[in-house]
Amino acid sequence: MAEQLEIEYKQVEGLIPFVNNSRTHSEEQVNQIASSIREFGFTNPILLDEDNGIIAGHGRLQAARLLGLDQVPTITLSGLTELQKRAYVIADNKLALNAGWDNELLQLEIQNLQEKEFDIALLGFDEKELAKILGEDEQQVVGEIKFSEELLESHNYVVLYFDNDIDWLSAQTHFQLESVHSKRSNGKPWSKGVGRVVNGGKYLTRLSENN
């Protein structure tokens, strides 16, 4: 009988990345992983050897650090030789890439999620990929933005902008902001964190509480 795997939560700072890991993770992809963890939870444990060395899950570790997580779920793979560990670091990534898509079913599933107002940006496809899958031209997007609060002449305003997804994700996490949407010409939402108006006093209070 095969050994049963057990999930154990371990401190992020105690996990050791594999120095020769050939798989790369861009800031955009780490941001996507972090967004997925925020939405669905940490559903895919990091795989370790007996010395807390990472065999699979380097991107998830980076996302956990981005989100400020202290602990993450892990599974220790016991009994692997050093050669097997090195091989599985590659195989775990490559085997997943060998899968394909049933494009018709994929389109139907994404359209169904979109119609139910699920944030399809969490699926991992970028805007161009989603436009291609859904058969929609990016030029159809129109700038109809739903703000959290309306602009009032009696209020004072400061505008913050984020020129990268990492800072934007940190702001969403820190201020507990939900995604807002622009809309296409067909009326369907295009999921994108484009902006909002929020109560400044409330967030100054939250900043003070966290310091």
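Computed quantities for the displayed model
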item: Any hit, region 47-65, residues being crowded, with 19+ Cβ neighbours inside 10 Å and touching a Ser or Thr at 6+ places or on another chain (Cβ under 6 Å); result: yes
item: Tally, over region 43-91, of residues that are in contact with an Asp or Glu (Cβ under 8 Å, 6 or more places away or on another chain) and hydroxyl-bearing (Ser, Thr, Tyr); result: 3
item: Selection from region 45-78 of residues that are in a loop (DSSP other than H, G, I, E, B) and farther than 17 Å from residue 22 by Cβ; result: 45, 49, 50, 51, 52, 68, 69, 70, 77, 78
item: Pairs where the first residue, in region 101-113, is in the same structural domain as residue 126 (by TED's automatic domain parsing) and the second is of a type in the set (Lys, Arg), C-beta under 9 Å, 6+ apart; result: 111/188
item: Condition check for residue 82: surrounded by fewer than 17 Cβ atoms within 10 Å (Cβ to Cβ), within 16 Å of residue 6 (Cα to Cα) and either among the basic types (Lys, Arg) or not assigned by TED's automatic domain parsing to the domain that holds residue 168 (or both); result: no
item: Single residue of region 47-87 satisfying the filter (free of Cβ contacts under 8 Å to residues at least 40 places away in the same chain and under 20 Å from residue 122 (Cα atoms)) that is farthest from the chain's Cα centre (by Cα); result: 57
item: Residues (part of a loop (DSSP other than H, G, I, E, B) and of a type in the set (Ser, Thr, Tyr)) located in region 5-44; result: 22, 24, 26, 43
item: Options 170, 191: the member that is modelled with pLDDT under 75, in contact with a helix residue (DSSP H, G or I) (Cβ under 7 Å, 6 or more places away or on another chain) and of a type in the set (S, T, N, Q); result: 191
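The values are calculated or read from the model by the stated rules, or taken from the named source; none is laboratory data. All of these numbers come straight from a predicted model, not from anything done at the bench. Virtual Cβ from ideal backbone geometry, glycine too; neighbours counted across all protein chains shown.
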